[in-house]
Amino acid sequence: MTPIRRAIALLLQHPQLGPVAVQVKPDWRRLRQPGIALLTDLLDLTQIQPNLTTAALIERWRDTEHFSGLNRLAEHDLSEARAAPQEELFGALRRLNECIREQEMEALFNKSRPSDLTDQEKDRLKRLLSRTGAAIGEHG
């Protein structure tokens, strides 16, 4: 299951986690991947209305193309989780943050020559590479 689908499933099954999800940096919201807009909408809704139930949350999408998919994710068996639902959600959002850093690095690397990068882009690439190196050191 992709981090986006996992985060959506966790949020649907535990809508009370929406308000605490703000503890994870929202860099992932800039990702250009299917499902990010839906995840953003779900999180925003659960932060505005923290007492929504799973059924009430899904009902908001009844007349959309997402309704049947949300129903399936709400029923998806997440029993293989290695941590509590909150930590699983935080982990999925952190993985999405890693994805945005990878997308940004790839876009910068795809510039035809280093001289084509602006000074700001060079600085951003250095910061992204240093974070990646630190993350590799943490996992390696």
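No value in this document is a laboratory result; all are computed from the given coordinates. The structure displayed is predicted, hence computed values, not measured ones. A quick note on method: Cβ atoms are made from the backbone with ideal geometry, for glycine too, and the neighbour counts reach across all protein chains shown.
Computed over the range 1-95, relative contact order equals 48 percent, with contacts defined as Cα pairs under 8 Å that lie 6+ residues apart. Remark: the range 1-96 carries a charge dipole of roughly 400 debye about the Cα centre, counting +1 on each Lys and Arg Cβ and -1 on each Asp and Glu Cβ.
Put in line by how crowded their Cβ is, counting other Cβ atoms within 10 Å and starting with the fewest, Ser130, Ser115 read Ser115, Ser130. Counted by neighbouring Cβ atoms within 10 Å, the residues Arg6, Arg131 run from fewest to most as Arg131, Arg6. One quarter of the surface of the convex hull around the alpha-carbon atoms of the range 18-140 equals 10.1 nm², the direction-averaged projected area. For Lys25, a cut-off of 12 angstrom between C-alpha atoms picks up these aspartates and glutamates, skipping any fewer than 8 places away in its own chain: Glu98. Check which residues have an amide H placed less than 5 Å from His76's amide H, if you skip close sequence neighbours. For His76, no residues qualify. The peptide list 92-103, 56-67, put in order of mean Cβ contacts within 10 Å with the highest first, becomes 92-103, 56-67.
Taking a ≥ b ≥ c as the square roots of the eigenvalues of the alpha carbon gyration tensor, the range 10-81 is rounded, as a/c is under 1.5. Listing Lys126, Lys111 from fewest to most neighbouring C-beta atoms within 10 Å gives Lys126, Lys111.
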